[in-house]
1. Based on what the data block shows, is ASP24 of a type in the set (Asp, Glu), modelled with pLDDT of 95 or more, surrounded by fewer than 17 Cβ atoms within 10 Å (Cβ to Cβ) and farther than 24 Å from ILE141 by Cβ?
2. Considering only the stretch 74-115, how many residues are assigned to a loop (DSSP other than H, G, I, E, B), modelled with pLDDT under 95 and over 22 Å from GLU200 (Cα atoms)?
3. Does ALA71 satisfy being modelled with pLDDT of 95 or more, within 20 Å of the chain's Cα centre (by Cα) and surrounded by 16 or more Cβ atoms within 10 Å (Cβ to Cβ)?
4. When you scan the stretch 86-96, do you find a residue that is under 27 Å from ILE179 (Cβ atoms), in contact with a strand residue (DSSP E or B) (Cβ under 6 Å, 6 or more places away or on another chain) and not β-branched (Val, Ile, Thr), even just one?
5. Check VAL28, VAL49, VAL4 and return the single one that is assigned to a strand (DSSP E or B) and farther than 17 Å from GLY96 by Cβ.
6. Looking only at the stretch 1-16, which residues are hydrophobic (A, V, I, L, M, F, W, C) and surrounded by fewer than 24 Cβ atoms within 10 Å (Cβ to Cβ)?
7. So if I check each of PRO57, PRO35, PRO19, PRO41, which one is at pLDDT below 95 and surrounded by fewer than 21 Cβ atoms within 10 Å (Cβ to Cβ)?
8. Report, by residue number, each residue of the stretch 201-228 that is touching a strand residue (DSSP E or B) at 6+ places or on another chain (Cβ under 8 Å) and closer than 30 Å to VAL275 by Cβ.
Amino acid sequence: MPTVLVTGATGFVGRRLVPALIDDGHQVRAMTRRPDAYDGPGEAVGADVDDPSTLAPALSGADVAIYLVHALDDNDFERKDAQAAVAFGKAAAEAGVRQIVYLGGLGADSDDLSAHLRSRREVEALLGEGGVPVTVLRAAIVVGAGGISWEMTRQLVKNLPAMVVPKWAATRTQPVGIIDVVRYLVGVVEHPDAQGRVFEIGGPEQLTYIEMLQQAAEIINGRKVAVIKVPVLTPKLSSYWISFVTNVDVTTGRNLIDSMGTEVIVTDHAIKDVVPGEPMTYADAVRLAIKESGPKGSGPKK
């Protein structure tokens, strides 16, 4: 089995992915900026994608690198993510890594992508500039305890008896449970049919943000939440509203909300040929997130 380096090993996806890879028989290195504080499974290695000089020791001897890094809580996240991707791709190539796996953002390629989705596309390309084949999994909203998008949803329906929502709330998306995201990530590692390819991943349903809020409200509160649509509510105002009602910070909220006007649905189901199995429904993903996070939630993790 190959040795797999997981960046962002303590984050929302990484802390679930590391044990799943170990269960699948891989040797895993958990990359973190604070290895002394790491208490999870695998071998803790210290490195920071924003400091290229730290990458070579972490990547030395790794066969596969899984890249789960982004800087949504930074106003200059596009520049920072681009620089980090270039440095990581170059260091991976110099270390002899055979495959980079990247969790990106779902959405059709177009000129009107949000800054968030545009950055995700740029990172896809920059990671491969060093010559290592990149496998990309593009996902929309990932539902799971501790995820930023889920925490926004959970806290909104828990804290508000009614909601004022802008026009982007009627946009369709295709949420996917964190269990399925981890399953797909594990499944593409060193898979011969996954090398250098882009896959779209999502759950079985295409839902608007309003429908997601209503389903979550019924599961959490036993009833739907009243929704009042307004024609104009800018991303800036929406982000302040989100930060007031939830514990998601303004910068992260705005960067996410900027993407919510873009329809993000799965149009290519090729992932099922590489990693078979049906993904769980949104409702089941919500129930699992509630069970894992407890009544008060676990707070967002990047």
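1. When the stated conditions are applied, ASP24 passes them.
2. 3
3. no
4. Looking through the stretch 86-96, none of the residues is under 27 Å from ILE179 (Cβ atoms), in contact with a strand residue (DSSP E or B) (Cβ under 6 Å, 6 or more places away or on another chain) and not β-branched (Val, Ile, Thr).
5. Working: VAL49 fails: assigned to a strand (DSSP E or B); VAL4 fails: farther than 17 Å from GLY96 by Cβ.
Matching residue, one of VAL28, VAL49, VAL4: VAL28.
6. MET1
7. Only one candidate passes the filter, namely PRO35.
8. Within the stretch 201-228, the first condition is being touching a strand residue (DSSP E or B) at 6+ places or on another chain (Cβ under 8 Å), and the residues that meet it are 201-203, 206-210, 212-215, 225-228.
Answer for the stretch 201-228, where residues must be touching a strand residue (DSSP E or B) at 6+ places or on another chain (Cβ under 8 Å) and closer than 30 Å to VAL275 by Cβ: ILE201, GLY202, GLY203, GLN206, LEU207, THR208, TYR209, MET212, LEU213, GLN215.
The values are calculated or read from the model by the stated rules, or taken from the named source; none is laboratory data. Computed from a predicted model, the values in this text were never measured in an experiment. Cβ coordinates were reconstructed from backbone atoms using ideal geometry, including for glycine residues, and neighbour counts include every protein chain displayed.
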